[in-house]
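Here the structure is laid out as structure tokens; the discussion comes afterwards.
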Amino acid sequence: MKFEHYGIGVAKGMALTFKHLFRKPITTQYPEERLTVSRRTRGNELVWDKERCTGCATCAKSCPEGCIEIITSRGEENNYIVDKFEVDMGRCIFCGLCVEACPFEALFMGYAYERARYRRQELVMDKEGLLLSGERQPSGYARPKIEAGLPRQTLLLDRDKVKR
Amino acid sequence: MALKTEPFVINVGPQHPSTHGVFRMRLTLDGEVIVDMEPVLGYLHRGIEKLAEGRTYTQNIPFTDRLDYLASMSNNLAYVLAVEKLAGIPVPERAEYLRVIMAELQRIASHLVGVGAFLNDCGAFMTPLLYMFREREKILDLFEMVCGQRLTYNYMRIGGVSHDIPAEFLPALDRFVTTMPGFIDEYDQLLAENEILLARAKGVGILPEELAINISASGPVLRGSGVRWDIRKADPYSVYDRLEFDIPTGSVGDCYDRYWVRIQEMRQSVRIIRQAVEQLPPGEVRTEVPHLLHPPEGEAYGHIEAPKGELGFYLVSDNSIAPYRFHVRAPTLINLTALRDMMIGWKVADAVIIFGSIDICLAEVDR
Amino acid sequence: MAIFNYYPQTLPPDWPGGYWLHWGVFVVIILVFVMAMIMGFIWFERRGLGRFQVRLGPNRAGPFGLLQPVADAIKVLTKEDIIPAKGDKLVYWLAPVVAFVPALMIFAVVPFHDGALLADLNIGILYVVAVSSVGVVGIFMAGWGSNNKYSLIGAMRAVAQMVSYEIPLALSIIGVVLIAGSLSMNSIVEAQDIPFILLQPLGFIIYFLAACAEINRTPFDLLEAESEIVAGFHIEYSGMKFAMFYLVEYCEVLAISAIITTLFLGGWRGPLLPPFLWFLIKVFGVFFLIFWVRSTIPRLRIDQVMAFAWKCLLPLALINMVITGIEVIALPPALLWTVIFLNLGIMAVLVVLWSKFFRLGGGRVEV
């Protein structure tokens, strides 16, 4: 195998690397700067709307992992009262099939992703932990009305300004 | 007096920076020359084929994400094609075009990782890898905009795709498609004529054409050896017969040809995406499919041209909600059959390069 | 007490105090200089590589990451010292010492200012070549004492590579010595009214490549190729002994930069700034070149490395020596600029000639 290009190939590569010295680095200094995630993000939690839920358990039936546990009892007006609604976030694969399957739009994917815990037991979310509230922002996955109200996603295409 | 030498066995173990995953090779060395090679697989076996027999057809789609996790859209697409063939479900046209756009974007992303990892194994200290990951990051941002995740998308459904694209997807895709050929030219400038890469990869690890066909290799491994076989042209699925593109083919079958084929395929993918965006019709993106699908009894084999080769799903149904048999034809497992013949006679340093040029993903090999 | 008869020749006439004061001051200067510059080099390389790769380097430990080397040192000191059970313990223990001490001894003859060296030996550059050869023994001891097949492969490669590159290294220096007329480093710097890089371009390139190979930097870093034999001869080292090997690598890079500055770039000579600042600027400049090369190009294979040394660098170094000899004898010193252009022309012709007819390494071995 001959030294075909007299060393010009190496020189061209080194010129390109040198050009990169003058480009702005694309590193984000987490946790001081955070990028906005997509509006349809399937974040690391579920958010449950207690008023709209009827206890039909379609979400539990459509989960591939079987990590939603629902126990209901019969109420007065011929409806179900949800006694226990527990999701094991440690087993959940965040596929979103439960959110798509809910006929009453009572279940949402979460928007937050910083949900690390020190113990596995703390990953199981019960009724109070799952409730829709002021602090827990649901994401717009399969929920167009919520999607319209969320901020725009930060794209690397916007941040990486390279002159061509 | 002749010097007495004996071969010794070295274990390129399951934990190694350059086996892409947990793959073990037992090399028998005579000095630095490899005289024998024995691959040991199975470290990442999770039993996906058996698990899939206990879940409905829609619930299996997230499982196919995790087969070749670097190309999840392609895995979803192959599985969904197989189910649609089995149950005879039509797909609206907008969904077909969206599937093509996603599959080609995924091909670019997967080749970026494949080529980047190959160059990293050659020793270029992560510089080409990081440049390629910058472009891959842009693609993953686009995917996150559409379906919410960056690695395991769960985007395709039986009968279409799960959601329509949001309004800002097409302008962003347009910006990406305009700048991408410039970046591919930069990669060429960085490394295509680099004498050291030529010395390491040209003529190394040759897979002869006969052997490639005999072991049913597919994908860039087959095309690098000079066989013009691409399922998008030979057995077109989705709307590929309406799109114009070339099939890059190598000539010799060495590592440099496989690397070159992947770079050219990225250019062709950009071309396909441009045409698909122009031809994108309005309409709905999903046909109504019952929640629990009971396909008629029978079997179907759906295959696509995934970035790593021919990915096929063989499904047998017995008219119940779950498949009776779910088999994955993993392209990289079949491509690995030729590894021993490619490696014998080369040196230890070449073992890693040859292995990297096949571009495997262990999750697919071991399922 | 015959030794006390020898020291006055090494002492410049304008130094106050006795020999031992001079020795003490310079030992302190050299140790402080080496330690501070190694820390500076580690920081400079990591930030520089980061900027080459479109990312920031370390910036969390102290402002601009300036305390990162300190953090690395503390981390390494608090690690457990693991000793392989069946290794040769004395050899294992001595290896870092044998590798580090020669690298430090090179600084005894590096001039920081006119006459400011620890010892102005009249065999200066020969001493450097002799001492740096001892480092090879340290590396081989490390590989042998670890009782690990990967280390042994690394050590074998190390011995082959470092011994082969000694010869072009020594021969390319002879050109400089012929022009300067003396082996002493101080006289070489004083003879550089025009920096010798212009008068000896081929010598510079050969010395640069041979020195990179001696200190195991990319593209010749196959001894610690992370992606093949996972850190080569220092796999089994941890804790402070690993820190010693890490220091050895940077100490040798510093030594090579200092030697190249002295031999080819004019040492401490320069117009406006104080001489010590010029010395630092030139040393950092050479180091920038070294890690610029590291960030761009892949690494070579061992048989390619050997072929490069014996078939390419050695003949070129011999031809360079002959031509320089002819020029020194035949041409009068007034024609200096003619010599520069003549040398550049000869270098271009030789590089083109060797590129056309030189085979880089063997191919597949029939097994």
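Other chains near B:166-175: what is the mean number of their Cβ atoms within 10 Å of each residue's Cβ?
Details: counts 7, 0, 4, 0, 0, 1, 4, 1, 1, 3.
Mean shielding count: 2.
Over the range A:18-164, how many pairs of lysines fall under 28 Å by alpha carbon, counting only those 8 or more apart in sequence or from different chains?
Here the count comes out as 14.
Answer with one residue from A:C67, C:Y92, B:F125: the one whose Cα lies farthest towards the positive end of the charge dipole of the protein assembly as shown, charges on Cβ with Lys, Arg +1 and Asp, Glu -1.
B:F125
Which of C:L117, A:L150 has the fewest other C-beta atoms within 10 Å, and how do the rest follow up to the most?
Arranged by neighbour count, lowest to highest, C:L117, A:L150 become A:L150, C:L117.
Which order do peptides C:176-184, B:2-10, C:164-172 fall in by mean Cβ count within 10 Å, highest first?
Averaged packing, sorted descending, gives the order C:164-172, C:176-184, B:2-10.
May I ask you to evaluate 6.51 cos²θ - 1.76 cosθ + 1.60, the Karplus curve with θ = phi - 60°, for each residue of the range B:133-148 and list the ³J(HN,Hα) values in order in whole Hz, giving x for glycine and proline?
Karplus values, whole Hz, x for Gly and Pro: 5, 5, 5, 5, 4, 5, 5, 5, 5, 5, 5, 5, 5, 7, 10, x.
Please state the charge dipole magnitude for the range B:8-366, taken about the Cα centre, from unit charges on C-beta atoms (+1 on K and R, -1 on D and E), reported in debye and rounded to the nearest 20.
With only Lys, Arg, Asp and Glu charged at Cβ, the dipole is about 440 debye.
Based on the mean of other Cβ atoms within 10 Å per residue, sort peptides B:46-59, C:192-205 so the most packed one is first. If you can, show how the numbers build up before the last one.
Values: B:46-59: 16.9, C:192-205: 19.8.
Ranked by mean Cβ neighbours within 10 Å, highest first: C:192-205, B:46-59.
Taking the alpha-carbon distance from C:K75 and a cut-off under 16 Å, which lysines remain once sequence neighbours fewer than 8 residues away in the same chain are dropped?
Straight-line reach from C:K75, under 16 Å: C:K241.
Just tell me how shielded C:45-51 is by partners: mean number of partner chain Cβ atoms within 10 Å of each residue's Cβ, no decimals.
Per residue, the average neighbour count from other chains is 2.
Taking the Cα atoms only, what angle lies between the long axis of helix A:8-19 and the longest principal axis of chain A, rounded to 10 degrees?
It works out to around 60 degrees.
Which one, B:L81, B:N60, B:P166, is farthest towards the positive end of the dipole of chain B when Lys and Arg carry +1 and Asp and Glu -1 on their Cβ?
Of the listed residues, the answer is B:N60.
Can you pull the one-decimal nm distance between simple spin-label points at C:S238 and C:N147, each 7 Å off the Cα toward Cβ?
Roughly 1.5 nm, to one decimal.
What's the FRET efficiency of C:L342 with A:A15 using the Cβ-Cβ distance as r and R₀ = 41 Å, to the nearest 0.05?
Given R0 = 41 Å and the Cβ-Cβ separation, E is 0.90.
How far is the Cα center of the range A:108-151 from the Cα center of the range C:297-331, in Å?
67 Å
Starting from the Cα of C:K311, draw a straight line to each of the aspartates and glutamates and keep only those under 15 Å, dropping any in the same chain fewer than 8 residues away.
Within the straight-line cut-off, C:K311 pairs with C:E166, C:D303.
Counting other beta carbons within 10 Å of each residue's own, what order do C:T262, B:T332, B:T179 fall into, fewest first?
The most exposed by this proxy come first: B:T179, B:T332, C:T262.
Give the total of Lys-Lys pairs in the range B:8-366 with Cα-Cα distances below 29 Å; include a pair only if its members are 8 or more places apart or on different chains.
Value for the range B:8-366: 11.
What percentages make up the Cα-Cα pair-distance distribution of the protein assembly as shown when the bins are 20 Å wide from 0?
13, 39, 31, 14, 3, 0
Return the whole-Å distance between the Cα centroid of the range B:95-146 and the Cα centroid of the range B:1-40.
First find each Cα centre; the distance between them is then 31 Å.
Just to be sure I understand the model, the point goes 7 Å from the Cα along the line to the Cβ. What's the resulting B:M126 to B:D174 distance in nm?
3.7 nm
Shielding of B:31-38 by partners, i.e. mean partner chain Cβ atoms within 10 Å per residue?
Working: counts 3, 8, 6, 2, 2, 1, 0, 0.
Per residue, the number of nearby Cβ atoms from other chains is 3 on average.
Based solely on its DSSP helices, what 222 nm [θ] is calculated for the protein assembly as shown when runs of n ≥ 4 H residues each add -39,500 (n - 2.57) and the sum is averaged over all residues, nearest 500 deg cm²/dmol?
Calculated at 222 nm, the ellipticity per residue is -15000 deg cm²/dmol.
Return C:M240, C:M37 ranked ascending by Cβ neighbour count within 10 Å, so the fewest neighbours appear first.
Ordered from fewest to most neighbouring Cβ atoms within 10 Å, C:M240, C:M37 come out as C:M240, C:M37.
Just name one of B:H291, C:V305, C:S151: the one whose Cα is farthest towards the positive end of the charge dipole of the protein assembly as shown (beta-carbon charges, Lys/Arg +1, Asp/Glu -1).
Going by the Cα projections, it comes out as C:V305.
For helix B:93-122, report the angle its Cα long axis makes with the longest principal axis of the Cα atoms of chain B; keep it between 0 and 90° and round to the nearest 10°.
20 degrees
To the nearest 20 debye, what is the magnitude of the charge dipole of the range C:10-356 about its Cα centre, counting +1 on the Cβ of each Lys and Arg and -1 on the Cβ of each Asp and Glu?
Here the size comes out at about 920 debye.
Would you mind calculating the relative contact order of chain A from Cα pairs under 8 angstrom and at least 6 residues apart, reporting the percent as a whole number?
Worked out over chain A, it gives 30 percent.
At 1.306 mPa s and 10 °C, plugging the Kirkwood radius over alpha-carbon pairs of chain B into Stokes-Einstein gives what diffusion coefficient in µm²/s?
So the translational diffusion coefficient is about 75 µm²/s.
Values quoted throughout were computed directly from the atomic coordinates according to the rules given, and no laboratory measurement underlies them. Just so we're clear, the structure is a prediction, and the values are computed from it rather than from any experiment. In this analysis, Cβ positions are derived from the backbone assuming ideal geometry, glycine residues included, and neighbour counts consider all displayed protein chains.
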